[in-house]
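Visitor: Take this structure first; my questions come after.
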């Protein structure tokens, strides 16, 4: 929506305002309401970044001596951030690093980095990452990777120093400092390199990569997109060795994506991806270890992928004290995980732990080695298992034997925040207060002979979500807190006294933007699935004083897929700007986390096993029927909107339940699971050869003959995650079934439109579709 001078429109409606609604011409009534609505909540607000309130410091990190708390922040409340620090001694905030060239933007990064940003869903600009450098007791510095190269900035210091230039034709990828901060590792031209920071000497550690088939030190597509493993190399704790992956995609047929929107043809208008489709081969992944001095590579006795279904996926890599390398590998069906430990001199392996679970084993980052020589449990590790149905922590000895649980109950541990071995304490975040919240807790690390575990101690205050960062000395933590009623705010807190709380950043709810838009938090409600399971929903009700009592036209906003929670006590639900925009237009918006979504335990999540398009869609129907029973909505005046898995569910719901749902907006949908990737699809649907009925029923095309409502398909044509092919196949089925559809395509966009003009255009078209069809 373009900026408009409303003075003439106001003058023309002056007479109408003096009349009662019954006396006003219908056209004037609609015009006045539309004008007021546009002024109150313009459509552009949906695409503005960052979202209201999400301007708080991020990427918080203590300096090595804990005297400074660094963070990324944008003083002008844009996406472009700089590095700041809070000095705990003076109480002052200072600018540590400002990009000399403006930093990262969407136009100055390499194609490789653009794809990595897609995998991470990264939208930040300027500075997006930094690391502290340990120098001397009196000096500190930070390392900042930018498109122009690797910068170092002393703290305090004068000008940033460009240590290692980077170019778009030969970019530096994924740089990380060694634990002792004397060296910098990075990937360049698909090979692993190190730079000795003391002597400014660069060494290439690997060879033989060509980029098209073999890479060294880079995470493959599946690990980045599906396994939450963004890196392909790992420093040893003593900074002498690096473990790295060799990825061989020679047996994966390239999937070509044409840039149909370009005026040119040829190599610049096409890209090939080693995309492993469900049921097909995965890439081969080897693990090597190399000395930073450049000695020959020692290859571990491990080959993942190819035809090795027992050890199909390399999930996690961790170094333990004594240069013991541990690796987590999953079988093809993801029902069995092994932790292997390797002798890095010979590559020989031993099995440390085996975890077998149904319906699957979830990867996590809770594996935590214990230091040698500190206690009698040193050399062992902490492991998180869902063997009871909920993820909990367990103590294991040096041989992998489980010594007992650290936590237990019908709730889940999410992340280990820190371990104080000397004090025998482990700090972690979890859902003990309920699945809609996240808090920091403390529990005893070592068994004390009691048969009953003591409940963890909660350390964070205030209902909602808490993201925490502990200091190195295990004395304090930074708490980034938000809730439905509070935008993110940042405090420095004590690990020992909950009353000690020093505000570092706060945001009032009286900001001009929030007041102007009249944003209100949704109402959280509980309903029951068919089997009695409690489901959580969020209601965004229109203003009754403006739009009268219900029922209202209703739009259901859905995701519904695994590993995601849509409804929680978080500010992100309050500033769902599309929901708030629709609410301001008199439309009721509803969200529901169906069975199969995240943070409710393995049984709840496992409802999706072989059931994509069944139980998830049926729970969404239950939600719609509840709205109707409550008098909030009317059958056949309900629409549904979703993106990615939500786009899949939107189309599926419209087709399966034609008497209830009137229209659907389906963004970047997976329309047939045989067209999606191995790891994700097979985890939830099994192999296509083993579950043909599930694949057929779970395809949207199987149901389109029942469709009565209106469907808008939205897709980026260079989407390398959910290929445009999914939408094209659905269009073929709609044509064959003689069903109408509308299509909104973006030739130059990937999985989600990034360009501002494209995002505005998309929201305009979606709103126009909703107005016509709801």
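The values are calculated or read from the model by the stated rules, or taken from the named source; none is laboratory data. Just so you know, these numbers come straight off a predicted model, no measurement behind them. Neighbour counts are summed over all protein chains in view; Cβ atoms, including those assigned to glycine, are modelled from backbone coordinates with ideal geometry.
Visitor: Take the residues of the stretch 278-305 that are assigned to a loop (DSSP other than H, G, I, E, B) and more than 28 Å from the chain's Cα centre (by Cα): which is nearest to residue 335 (Cα to Cα)?
Guide: Going through the qualifying residues, I end up with 297.
Visitor: Okay, next question. Give the residue that is nearest to residue 749 (Cα to Cα), with candidates limited to residues of the stretch 99-117 that are touching a residue at least 40 places away in the same chain (Cβ under 8 Å) and assigned to a loop (DSSP other than H, G, I, E, B).
Guide: Result: 106.
Visitor: Of all residues in the stretch 232-266, which are part of a strand (DSSP E or B) and either buried (at least 16 other Cβ atoms within 10 Å of the Cβ) or touching a helix residue (DSSP H, G or I) at 6+ places or on another chain (Cβ under 6 Å) (or both)?
Guide: 233, 234, 235, 241, 242, 243, 244, 245, 246, 247, 248, 257
Visitor: Please go through the stretch 209-229 and pick out each residue that is in a loop (DSSP other than H, G, I, E, B), out of contact with any helix residue (DSSP H, G or I) (no Cβ under 9 Å at 6 or more places or on another chain) and buried (at least 19 other Cβ atoms within 10 Å of the Cβ).
Guide: Passing the criteria: 209, 217, 220.
Visitor: Tally the residues that are without any contact (Cβ under 8 Å) to a residue 40 or more places away in the chain and either surrounded by fewer than 17 Cβ atoms within 10 Å (Cβ to Cβ) or farther than 17 Å from residue 105 by Cα (or both), restricting the search to the stretch 135-151.
Guide: Qualifying residue count, the stretch 135-151: 4.
Visitor: Right, something else. For residue 83, indicate whether it is crowded, with 18+ Cβ neighbours inside 10 Å, on the phi < 0 side of the Ramachandran plot and at pLDDT 95 or above.
Guide: On the way: crowded, with 18+ Cβ neighbours inside 10 Å: yes; on the phi < 0 side of the Ramachandran plot: yes; at pLDDT 95 or above: yes.
Yes: the conditions hold for residue 83.
Visitor: Oh, and also: Suppose we filter the stretch 180-208 for residues that are more than 16 Å from residue 233 (Cα to Cα) and outside any loop (DSSP other than H, G, I, E, B); how many remain?
Guide: Final tally of qualifying residues: 3.
Visitor: For the condition within 28 Å of residue 322 (Cβ to Cβ) and either touching a residue at least 60 places away in the same chain (Cβ under 8 Å) or surrounded by 21 or more Cβ atoms within 10 Å (Cβ to Cβ) (or both), what is the one hit in 473, 439?
Guide: Going through 473, 439 in turn, the sole match is 473.
Visitor: Please specify each residue of the stretch 345-361 satisfying the condition of being surrounded by 20 or more Cβ atoms within 10 Å (Cβ to Cβ) and in contact (Cβ under 8 Å) with a residue 40 or more places away in the chain.
Guide: 352, 353, 360, listed by residue number.
Visitor: Can you tell me how many residues in the stretch 126-179 are closer than 29 Å to residue 92 by Cα, outside any strand (DSSP E or B) and at pLDDT 95 or above?
Guide: Qualifying residue count for the region: 5.
Visitor: May I pose another question? All but one of (1) under 20 Å from residue 773 (Cα atoms); (2) assigned to a helix (DSSP H, G or I); (3) in contact with a strand residue (DSSP E or B) (Cβ under 6 Å, 6 or more places away or on another chain) hold for residue 648; which doesn't?
Guide: (3)
Visitor: For the stretch 304-344, which positions are touching a helix residue (DSSP H, G or I) at 6+ places or on another chain (Cβ under 6 Å) and in contact (Cβ under 8 Å) with a residue 40 or more places away in the chain?
Guide: 332, 334
Visitor: Determine if the stretch 181-199 includes at least one residue that is exposed (fewer than 15 other Cβ atoms within 10 Å of the Cβ), in the same structural domain as residue 288 (by TED's automatic domain parsing) and farther than 30 Å from residue 281 by Cβ.
Guide: For the stretch 181-199, residues exposed (fewer than 15 other Cβ atoms within 10 Å of the Cβ), in the same structural domain as residue 288 (by TED's automatic domain parsing) and farther than 30 Å from residue 281 by Cβ: present.
Visitor: Shifting gears a bit: State the number of residues belonging to the stretch 634-669 that are farther than 18 Å from residue 767 by Cβ, at pLDDT 95 or above and surrounded by fewer than 24 Cβ atoms within 10 Å (Cβ to Cβ).
Guide: 7
Visitor: Being out of contact with any helix residue (DSSP H, G or I) (no Cβ under 9 Å at 6 or more places or on another chain), at pLDDT 95 or above and over 15 Å from residue 380 (Cβ atoms): is that true of residue 440 here? Explain how you work it out, then say what you get.
Guide: Working: out of contact with any helix residue (DSSP H, G or I) (no Cβ under 9 Å at 6 or more places or on another chain): yes; at pLDDT 95 or above: yes; over 15 Å from residue 380 (Cβ atoms): yes.
For residue 440, the condition - out of contact with any helix residue (DSSP H, G or I) (no Cβ under 9 Å at 6 or more places or on another chain), at pLDDT 95 or above and over 15 Å from residue 380 (Cβ atoms) - is met.
Visitor: If you don't mind, another one. Out of all the residues in the stretch 473-506, which are outside any strand (DSSP E or B) and within 25 Å of the chain's Cα centre (by Cα)?
Guide: 484, 485, 506
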